[in-house]
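First the structure, in the form of structure tokens, and then the observations on it.
The values are calculated or read from the model by the stated rules, or taken from the named source; none is laboratory data. All of these numbers come straight from a predicted model, not from anything done at the bench. Virtual Cβ from ideal backbone geometry, glycine too; neighbours counted across all protein chains shown.
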Amino acid sequence: TVAIARIANELIRSGQILELKDLAIDGHDLLELGYEGKEIGQMLEFLLEKVCVDGMPNTRESLLGCIDDKRDI
């Protein structure tokens, strides 16, 4: 909890994203790819984690590539 707050503050200071709305793609993009309902939110959460935790670039190309990779699993 204190550690989480410290990490969140570091992310804010470094300018890294913290919210779904900050991703380079949004729900409309996922709708175009055939995602529906809860799948959209789940995929956006997954992508946010990949960017914030795993350090994946927050670019449209990178996020769409990650979606393609996940679909292939």
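So, in the stretch 37-71, how many residues would count as being acidic (Asp, Glu) and in contact with a helix residue (DSSP H, G or I) (Cβ under 9 Å, 6 or more places away or on another chain)?
We begin by selecting, within the stretch 37-71, every residue acidic (Asp, Glu); these are 39, 45, 49, 54, 61, 68-69.
Imposing the further condition that a residue be in contact with a helix residue (DSSP H, G or I) (Cβ under 9 Å, 6 or more places away or on another chain) reduces the set to 39, 45.
Within the stretch 37-71, residues that are acidic (Asp, Glu) and in contact with a helix residue (DSSP H, G or I) (Cβ under 9 Å, 6 or more places away or on another chain) number 2.
If you take the residues in the stretch 63-73 that are among the charged types (D, E, K, R) and either under 11 Å from the mean Cα position of the chain (by Cα) or part of a helix (DSSP H, G or I) (or both), which one is surrounded by the most Cβ atoms within 10 Å (Cβ to Cβ)?
As a first pass, look at the stretch 63-73 and keep what is among the charged types (D, E, K, R): 68-72.
Now drop any that are not either under 11 Å from the mean Cα position of the chain (by Cα) or part of a helix (DSSP H, G or I) (or both), which leaves 68-71.
Details: Asp68: 10, Asp69: 9, Lys70: 12, Arg71: 10.
Filtering first and then ranking leaves Lys70.
Just to verify a result, which residue in the stretch 48-73, among those that are under 27 Å from Ile4 (Cβ atoms) and of a type in the set (Lys, Arg), is modelled with the lowest pLDDT?
The residue in question is Lys70.
From the residues in the stretch 42-62 that are touching a residue at least 24 places away in the same chain (Cβ under 8 Å) and assigned to a loop (DSSP other than H, G, I, E, B), which one is farthest from Leu23 (Cα to Cα)?
In this case the residue turns out to be Thr59.
Given the criterion modelled with pLDDT under 95 and either of a type in the set (Lys, Arg) or surrounded by fewer than 18 Cβ atoms within 10 Å (Cβ to Cβ) (or both), identify the matching residue among Glu36, Glu45. Walk me through how you get there before you give the answer.
Numbers: Glu36 fails: modelled with pLDDT under 95.
Going through Glu36, Glu45 in turn, just one is modelled with pLDDT under 95 and either of a type in the set (Lys, Arg) or surrounded by fewer than 18 Cβ atoms within 10 Å (Cβ to Cβ) (or both): Glu45.
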